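Remarks on the structure that follows.
What follows draws every value from the coordinates through simple rules; no lab data is involved. Computed from a prediction, not measured in an experiment: that's the story for all the values here. Counting neighbours? That spans all protein chains shown, and the Cβs are built from the backbone with ideal geometry, glycine included.
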């Protein structure tokens, strides 16, 4: 009887390993216990998480009530966005995680992102209770490999966490040059006039949070904030998964 029970346990463990893989998605290190998240402790500690206090311009870690080194160096002026927040630096493990989410629609990547996003929200000083709508930035034309609109998926995850409605009201009015092929100064002006409101939901006096996967210069989110404030929004913040270096 005991032998049969041991055999049943062994079979269930094998099947469990097939349905719920026990290796880290990044380094493929075996995780001995059934993981809640498919990322090992070593890779978790290697993730470059953005931590408060945040720069008043770009959202990077900075001294309290001050600008970060990058914004000081570039003499970044105040923008239209009220606050910028992001979870990771866009490299290494975070970059692969976003790829798995964006291209492969891996369910485990959504779980990892949801876990870190929920923890990150506790670091944001502004109360999320005052947010009226969550607005995903509209995607560029999808690549052949891309299966989903990542920003809308992210917006829905955030909406479920803070119990606020998602309103995909922005649209792209023209195709813009690929940002990675441009200089910093060209990137800043590239998105001008590329966004508009597709449908009105009554934005007068509303507090909004934009959602994007990766920020580089922040020019696209600045353009979105400009369009939304022209339509009457009182406050526009942005929350992104990661920020890339220019």
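Observations on the structure shown:
- Linear extension gain, residue 42 paired with residue 73, 0.36 nm per residue minus alpha-carbon span: 7.8 nm
- Computed lengthening from residue 122 to residue 49, 0.36 nm per intervening residue step minus Cα-Cα distance: 24.9 nm
- Stretching residue 106 away from residue 23 to a fully extended chain increases their span by 28.5 nm, per 0.36 nm per residue minus the current alpha-carbon distance.
- If R0 is 25 Å, the Cβ-Cβ spacing of residue 140 and residue 245 corresponds to a FRET efficiency of close to 0.80.
- Exposure proxy ranking for 25, 30, based on other Cβ atoms within 10 angstrom of each Cβ and starting from the fewest, stands as 30, 25.
- Residue exposure sequence - 133, 108 - by fewest surrounding Cβ within 10 Å: 108, 133
- Near-label residues of segment 87-117 by backbone N, under 14 Å of a point 7 Å along Cα→Cβ of residue 160: 106-117
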